1. Could you check the range B:1-41 for strands (runs of 3 or more DSSP E) lying wholly inside it with 2 or more residues that are surrounded by 19 or more Cβ atoms within 10 Å (Cβ to Cβ), aliphatic (A, V, I, L, M) and touching a Gly at 6+ places or on another chain (Cβ under 8 Å)?
2. What is the residue count in the range A:229-275 for residues that are at positive phi and away from chain B (no Cβ under 14 Å)?
3. Let me confirm something: among B:V80, B:V32, which residue is in contact (Cβ under 8 Å) with a residue 60 or more places away in the chain, within 12 Å of another protein chain (Cβ to nearest Cβ) and β-branched (V, I, T)?
4. Out of A:E249, A:E238, A:E218, report the one residue that is assigned to a helix (DSSP H, G or I) and either without any contact (Cβ under 8 Å) to a residue 12 or more places away in the chain or of a type in the set (S, T, N, Q) (or both).
5. Failed condition for A:L240, given (1) touching a helix residue (DSSP H, G or I) at 6+ places or on another chain (Cβ under 8 Å); (2) modelled with pLDDT under 95; (3) aliphatic (A, V, I, L, M), with all others met?
6. Taking the range A:9-36, which residues are assigned to a helix (DSSP H, G or I) and either of a type in the set (A, V, I, L, M) or under 11 Å from A:L94 (Cα atoms) (or both)?
7. Could you please find all residues in the range A:175-199 being modelled with pLDDT of 90 or more and outside any helix (DSSP H, G or I)?
8. For the range A:49-71, indicate whether the set of residues that are outside any helix (DSSP H, G or I), within 11 Å of the chain's Cα centre (by Cα) and at pLDDT 95 or above is non-empty.
Amino acid sequence: MERWRLLDVEWPDKPYYNLAVEEAIALAVEAGKAPNTLRFWRNDNTVVIGRLQCVSLEVKLRECLNYGVKVVRRFTGGGAVYHDLENLNYAVSLRRPTLIPGDDVGLGFRKVGEAVALGLRRLGVEACFVPVNDLQVGGRKISGMAGSLLQGLLFIHGCLLVGSNLEVLSKVLRIPREKLESKGVKAPRARVTTLRDEVGRSLSMEEVKEALALGFEEAFNIKLERGRLTSWELEKAEELYREKYSTVEWNLGPCVFCPERDKDLKILRQIASEK
Amino acid sequence: MVKLYHAVHRSQNGKTLRVCLSVEEGKIVQAVFTGDFFAEPSESLIRLGKALKGVNLRREDLEKAVSSFLRRERVWLLGVEPKDFVEVILKAGKV
């Protein structure tokens, strides 16, 4: 039976570094410097936007400043999400070729979604995978995934709403009218749910992680072994933090036309400098 | 005179594709595509936006330019299709 490394490493108050670690792990697995890995981690009070999103159009940056919310761009596509300590992130780095047919990201979402759903079932919640990249409970989203296919790596990560503060979420993200209309709801709050709401009792994060780990072992037929970051990963994370994730250029993104670009650049600098 | 436009388009898969578009005399100067879909290599989207320079805001011209770029650069997409890039540009140009 294949063995994967299980990492439980997080820097909730340092979202730029957390994302740098995320990519460092992926690169280590791709380079064969680390085994296939499942990581659990959290950010506190942070908006994480997709690789291809325009931060000015998706995020209410001034509100982020008001609420002390940090903003960081990840290296995978998909949509903007709000992270707090009640949101659990899971990340899978698999060296290609993987157990997933064709190493396809879409099928990867399905397989990882299946693993998370098996974990949630252990907590008494029936979740189902809804293409492209969502897990839903009773028609409401509880987890969203994003992923990337590199030359030697299939990478999938997702966030699970354990008990997040959804009020802050709706204050700091701009949800396009077109999106709400297509989902047939008026407020974003109406289309998401949390694990605590579904279970109807308090849950410790340890309990959730344990259930998800068992779900991954079952879905992928692997054995998880607790491990640590390697010195290569720590060095790479430091470099990525310095040269990529902590820079306003990376977090601002490619949209050179935005009329508010200069103003947003200043706000992002301010957000980054707040402790 | 260069005019700036912006449009949002929802793909059949429920993903959001946005374009910020600069246009001069009916031709694209530059397009910047953003959204919550997936594309690899991700840098290719910037190149697509630049490759559309000089293309007329006409469906046939856009279809040809977009599909030949995506094929040539072997761009992998999930959540949106090549036709969505054409739709969002036409939507922006109509405003």
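1. Values: elements: B:3-10, B:16-24, B:27-35, B:38-40.
Here the list reads B:16-24, B:27-35.
2. Of all residues in the range A:229-275, those at positive phi come to A:253.
Filter again for away from chain B (no Cβ under 14 Å), leaving none.
Within the range A:229-275, residues that are at positive phi and away from chain B (no Cβ under 14 Å) number 0.
3. Values: B:V32 fails: in contact (Cβ under 8 Å) with a residue 60 or more places away in the chain.
Going through B:V80, B:V32 in turn, the sole match is B:V80.
4. Numbers: A:E238 fails: either without any contact (Cβ under 8 Å) to a residue 12 or more places away in the chain or of a type in the set (S, T, N, Q) (or both); A:E218 fails: either without any contact (Cβ under 8 Å) to a residue 12 or more places away in the chain or of a type in the set (S, T, N, Q) (or both).
Just a single option satisfies the conditions, and that option is A:E249.
5. Answer for A:L240: the failing condition is (2).
6. Initial filter on the range A:9-36 (assigned to a helix (DSSP H, G or I)): A:15-30.
Selection gives A:L19, A:A20, A:V21, A:A24, A:I25, A:A26, A:L27, A:A28, A:V29, A:E30.
7. Of the residues in the range A:175-199, the ones modelled with pLDDT of 90 or more are A:192-199.
Those that are modelled with pLDDT of 90 or more and outside any helix (DSSP H, G or I): A:V192, A:T193, A:T194.
8. Kept after step one, since they are outside any helix (DSSP H, G or I), are these residues of the range A:49-71: A:49-54, A:59-60, A:68-71.
From what is left, the residues that are within 11 Å of the chain's Cα centre (by Cα) are A:49-50.
Filter once more, keeping what is at pLDDT 95 or above: A:49-50.
Scanning the range A:49-71, I find at least one residue that is outside any helix (DSSP H, G or I), within 11 Å of the chain's Cα centre (by Cα) and at pLDDT 95 or above, so the answer is yes.
The values are calculated or read from the model by the stated rules, or taken from the named source; none is laboratory data. Predicted model, so just to flag it, every value in this text is computed and none were measured. Cβ: placed from backbone, ideal geometry, glycine included. Neighbour counts: every protein chain shown.
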